[in-house]
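What follows is one structure encoded as structure tokens, with my remarks underneath.
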């Protein structure tokens, strides 16, 4: 019996403890892109003194990331996205990262 409702999908521990948190980290980095860029720029400009000069940017980045990591709604959003990708993979056999690629013309 095929599960089509995301509520019916059983997730393994590795999915809830590793794969979904990985997705959360990736999405949080996108949502905090301005803070990531500011910290990266500061580090490049500061060289070896970055640990001292970039405290403000580092703190802002950490605060932004932690805000998303600790948000149960954000976890649920990522979980639902993960489940949708998992169900789509089970139907097509094509991983999400390859779905948008075009097939070569010679096929």
| request: Could you identify the single residue in 52, 39 that is modelled with pLDDT under 95, over 30 Å from residue 8 (Cβ atoms), part of a helix (DSSP H, G or I) and touching a helix residue (DSSP H, G or I) at 6+ places or on another chain (Cβ under 9 Å)? | output: 52
| message | Residue pairs, Cβ under 6 Å, 6 or more apart or interchain, first in the stretch 69-90 and surrounded by 13 or more Cβ atoms within 10 Å (Cβ to Cβ), second at pLDDT below 95 and assigned to a helix (DSSP H, G or I). List them. | response | 80/6; 83/6; 85/96
| query | Being within 23 Å of residue 91 (Cα to Cα) and either modelled with pLDDT of 95 or more or outside any helix (DSSP H, G or I) (or both), is that true of even one residue in the stretch 23-35? | reply | yes
| note | Per the filter on the stretch 6-24, residues surrounded by 14 or more Cβ atoms within 10 Å (Cβ to Cβ) and within 19 Å of residue 66 (Cβ to Cβ) are 20, 21, 23, 24
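The values are calculated or read from the model by the stated rules, or taken from the named source; none is laboratory data. All values derive from a computational prediction rather than experimental measurement. Glycine gets a Cβ as well: all are built from the backbone with ideal geometry, and neighbour counts include every protein chain shown.
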